[in-house]
Amino acid sequence: MSALTVLFIGGTGIISSAAAVRAVELGHDLTVLNRGSSSTRPVPAGVEVLTGDVSDPASIRRAVGDRHFDVVVDFVAFTPDQVQADVDLFTGRCGQYVFISSASAYQKPVAALPIRESSPLRNPFWQYSRDKIACEDLLVAAYRDRGFPATIIRPSHTYDRTSIPVTGGWTVVDRMRRGLEVVVPGDGTSLWTLTHHADFARAFVGLLGLPAAVGDVFHITSDEALPWDQIYTTLAAAAGVDDPRLVHVASESVAVVEPEWGPGLLGDKAHSVVFDNAKAKAFVPGWRATTSWATGAREIVEWFDADPSRREVDPAAEAAFDRLLAGARAFGA
């Protein structure tokens with residue numbers, strides 16, 4: 001494929017930073033539009049940076065001016081009004097518009113596994129997911145009615161070395177190392193899929209500028225589905241803990257005690273998810289996810305251990321765990 005002119009709205013997040021690296025590796029002419037640089041995930045050398053407020057359509061319009069792009073990707077659109085602003089701005093000014101949706105949009109509870117792109121979309125538990133569904137509906141209508149060149153991508157739980165993909169983040173690892181009990185929502189047996197951002201990026205960038213991908217939808221995930229207990233014990237092993245003290249607490253109980261955690265649990269993580277990635281593999285020949293969670297967990301712990309300032313314990317998470325553990329002991333008694 002020849003080099004593309006590509007605009008990333010966003011560009012320094014978990015997914016977008018890896019996609020930027022991959023796009024540069026493939027020789028694409030990449031422009032990133034965001035509020036400013038990130039020391040954690042800097043923009044690759046040679047990438048043009050436009051400064052604008054991604055929450056303000058007028059700011060994006062001023063930053064972009066009258067330019068045209070082969071591909072526009074919005075990594076930070078979450079609501080239909082934000083997507084509509086993109087449609088209004090980029091109609092006739094890009095060959096492909098890519099929207100980052102979410103695999104949490106798939107029907108919950110999950111009716112059948114594996115999940116395919118044709119699986120129903122419905123999530124009564126999480127407003128974030130319902131908003132993503134509404135964004136997809138808008139783009140499908142824009143493509144069908146006016147030919148707006150939309151492609152929809154549904155990532156699942158994608159992580160990088162800076163993000164610990166368990167409820168409570170670094171506080172969980174710290175508790176493990178101190179020999180304290182750790183709360184695992186659910187019974188630890190439901191299956192979950194974690195995807196390294198570099199694996200995601202290789203498939204994702206392979207879909208950019210692909211005419212056959214316009215008007216279509218893809219999820220991009222690892223093929224490795226692990227029980228939650230194994231996810232926690234693998235993370236513990238990476239942190240040098242051989243026998244972590246895992247305590248199972250029903251996700252519904254977690255949602256009551258810690259309401260901020262509830263929607264993401266009940267609307268996503270409490271359900272087994274196994275994905276069929278055949279479609280992405282067919283459109284991007286030779287692609288498959290190659291980074292195991294064991295490798296990713298070691299990468300995470302090494303990054304956090306490299307700088308003490310990164311290993312911050314969240315007092316609110318500590319308090320929430322203590323409340324949940326006290327409730328579990330009282331119930332067990």
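Table for the structure above
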quantity: Protection proxy ranking, peptides 98-106, 75-83, average beta carbon neighbours within 10 Å, highest first; calculated: 98-106, 75-83
quantity: Cβ-derived FRET efficiency at R0 25 Å, Asp216 paired with Gln127, nearest 0.05; calculated: 0.45
quantity: Mean ellipticity per residue at 222 nm, deg cm²/dmol - from DSSP H runs of n ≥ 4 across the chain, formula -39500 (n - 2.57); calculated: -11500 deg cm²/dmol
quantity: Estimated FRET transfer efficiency when R0 is 41 angstrom, pair Ala330-Asp81 (beta carbons, to 0.05); calculated: 0.35
quantity: Rg followed by Dmax, in Å, when segment 234-333 is reduced to its Cα trace; calculated: 18.0, 56
quantity: For the chain: relative contact order, % (alpha-carbon pairs under 8 angstrom, 6 or more apart); calculated: 18 percent
quantity: Cβ-based net charge around Val241, under 11 Å, with every Lys or Arg adding one and every Asp or Glu removing one; calculated: +1
quantity: Evaluated at q = 0.13 Å⁻¹: base-10 log I(q)/I(0), Debye formula over Cα of segment 141-190; calculated: -0.55
quantity: Pairs of Cα atoms farther than 11 Å apart, segment 93-132, %; calculated: 65 percent
quantity: Shape metrics for segment 41-154, restricted to C-alpha atoms - Rg then Dmax, Å; calculated: 15.6, 46
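Where a number appears in this text, it was derived from the coordinates with a stated rule and is not lab data. Note that the coordinates shown come from a computational prediction; the quantities given were computed from them, not determined experimentally. Glycine also receives a Cβ, built like all others from the backbone with ideal geometry; neighbour counts cover every protein chain displayed.
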